[in-house]
Structure formats: C-alpha cells, structure tokens
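See structure below.
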Amino acid sequence: MVDHVRESVTIDGGILVGHDGSRGAQEALAWAGGLALRAALDLHVVRAWSLTTTPTPSSWTPGDVPPLADFETAVHDELEAHVAAAGIDPAVRLTCHVVHRAPARGLIESARGADLLVVAARGHGGFSGLLLGSVSDQCVHHAPCPVTVVHAGSVTPLPPTVDEGALHSPF
C-alpha cells in the first residue's frame, strides 16, 4: 500500500526503464531485464501517471472519488502485474516506481541517477507514422544519461553471457 503520492523518484545507478503498459513498453522491459542480468545492474521500472491514465482503485464506489494515494496504489499494482508477466530473471534486483508526473518529465527527472534509460519507441497514443513517440523523443534529447530506444517487434534476446574476447577488442 502506498502511503503518499510520489512526484519523483531517486535511484542510485542501474537501468531505468519507462513503462506505460503498452506492448512496446513490455518489450523494452524484457530487453532491459536481459541487460540488467548480464551487467549485474539494478533494474528500476518507472510508470508516470495522471488521473486520466490510472486504473480504477479498488476503493472506488459510485459517487465517491478516492484519495490520490488509492489511484497511485492501483497504478503500482498494475505495473507490478506487467513486470511479473515480462518474465524477468529472478536474479535481477528489480524495483517498481510510480510517479505522479507527465511521462517525459517523470522519466527524465528519475533518470538523474541512472546509468541508462530504456524506453519504447512508441507507447500508448501518438501517431502511427512516427518513428519515435513524443515521450521517447523528449527522453533522447533531454535525459541526463544514455538512452536506448527499443522498437516493438525488433527485440532479439541478448545472449546469456558476454564474449570475454569482445570486451578486450581494440576496435
């Protein structure tokens, strides 16, 4: 249960992946989970939310508006369900975070302590002809760390181990 509404999250290193519940976000999460396992990095999954994007809280009754904390709990529960469905290796140190912010701003602010930000090329909304959605475009241009953009349908699972010879290549 969430006891207050968070507008920001502070992480100390690791991979931060944005997740809006879309198929593309699920693929970006799976890719980031594989990288986190291979690199022995923490994985932080962030969902930015507003009242227009939340699932209905379990405390909702007709004619009553639940407190914001109940909406945040519903968002967090939905995010955890998506993360569980992604099949991330249990050896990955994984934390789910939700922030009451616009998506691009929430991800960019949360990425201050990250080693890498991973986003889907496009999530919910937007125009089908765009190569990047507005959130991924903003993250690429304004994130304080490197950004990887994962295109839906293009994900190839990473090999389970790193070729040691490739790490020492002069090129």
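All of the numbers you see were taken from the coordinates with simple rules; none came from a lab. Owing to the predicted nature of the structure, the values given are computational and were not obtained by experimental measurement. We place every Cβ from the backbone using ideal geometry, glycine too, and count neighbours over all the protein chains shown.
Worth pointing out:
- Spin-label model, H142 to R105: label points 7 Å out along the Cα-to-beta-carbon direction sit 0.9 nm apart.
- Whole-angstrom Cα spans of segment 15-154 along principal axes, big to small: 47, 37, 28
- Paramagnetic label reach from V5 (point 7 Å along Cα→Cβ; backbone nitrogen cut-off under 18 Å): within segment 97-112, residues 97-107.
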